[in-house]
Amino acid sequence: MRTTMAAIILALVIGSMGCKSKSAAGAGDFFPATNAVQGWAKSSDTRTFEASHLWEYIDGDAEKYLQAGVVRTLTSDYRFNDKVDATADVYLMAKPEGAKKIFDSDSAVESQAVNVGEGGRTAKGSLTFHQGPYYVRVVAYEDSPAVNQAVTALAQAISAKLGK
């Protein structure tokens with residue numbers, strides 16, 4: 001009986017480890033690896049925040065995302081040409097309408113439309129877009145034409161990883 005119980009516990013532990021590693025691998029798949037996009041290096045591991053813990057990442061603004069149906073948020077840091085830091089966030093919403101709702105709630109003042117996802121816009125070193133149940137934000141901590149072009153390339157690579 002002791003051997004049977006140990007085998008059952010071992011099977012449960014191994015089974016749960018497989019699930020965790022599979023979901024962890026899938027989570028990072030939204031973000032391009034270092035040099036997958038010219039000039040961009042991934043400078044952090046992907047961090048995941050479930051809806052119930054989103055306040056740990058965006059304290060003060062989490063409620064807006066919760067009301068739109070956020071399920072989880074994934075975020076990763078990047079560095080462009082070893083000079084400019086940026087952060088990429090992917091918000092997985094319960095429904096595509098939630099992603100569009102967040103996108104529409106962002107100010108479009110002084111922004112330009114970009115062809116990324118189902119709707120995108122760029123302004124001052126940042127780019128946001130929505131695509132299916134995803135709302136994505138890429139923010140670089142510098143604003144220049146070269147950085148804006150690089151941010152667009154990174155956002156397009158994320159969009160490709162999200163699929164249709």
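The values are calculated or read from the model by the stated rules, or taken from the named source; none is laboratory data. Here the structure is a predicted model, which is why all the values come from computation and not from measurement. Because the Cβ atoms are built from the backbone with ideal geometry, glycine has one as well, and the counts that use them run over all protein chains shown. The accessibility values were calculated without ligands, DNA or RNA, using every heavy atom of the protein model including side chains. Shrake-Rupley method; radii C 1.70, N 1.55, O 1.52, S 1.80 Å.
Here are some notes:
- Test result for E50, among the acidic types (D, E), open to solvent by 60 Å² or more (accessible area, probe 1.4 Å) and under 22 Å from G132 (Cβ atoms): yes
- Looking across segment 109-119, the residues that are touching a residue at least 24 places away in the same chain (Cβ under 8 Å) and open to solvent by 10 Å² or more (accessible area, probe 1.4 Å) come down to V114, G117.
- Of all residue pairs spaced 6 or more apart or on separate chains, those with beta-carbon atoms under 8 Å, a first member in segment 31-43 that is on the phi < 0 side of the Ramachandran plot and a second member that is loosely packed, with under 12 Cβ neighbours inside 10 Å and of a type in the set (S, T, Y) are W40/T34; A41/T34; K42/T34.
- Qualifying positions in segment 139-154 - touching a residue at least 60 places away in the same chain (Cβ under 8 Å) and either β-branched (V, I, T) or open to solvent by less than 20 Å² (accessible area, probe 1.4 Å) (or both): A140, V147, A150, V151, L154
- Number of positions in segment 55-75 that are closer than 20 Å to E97 by Cβ and more than 13 Å from the chain's Cα centre (by Cα): 9
- Test for Y91: is it open to solvent by less than 30 Å² (accessible area, probe 1.4 Å) and either closer than 16 Å to F30 by Cα or among the aliphatic types (A, V, I, L, M) (or both): yes
- Test set (1) more than 16 Å from the chain's Cα centre (by Cα); (2) open to solvent by 30 Å² or more (accessible area, probe 1.4 Å) - V84 fails condition number: (2)
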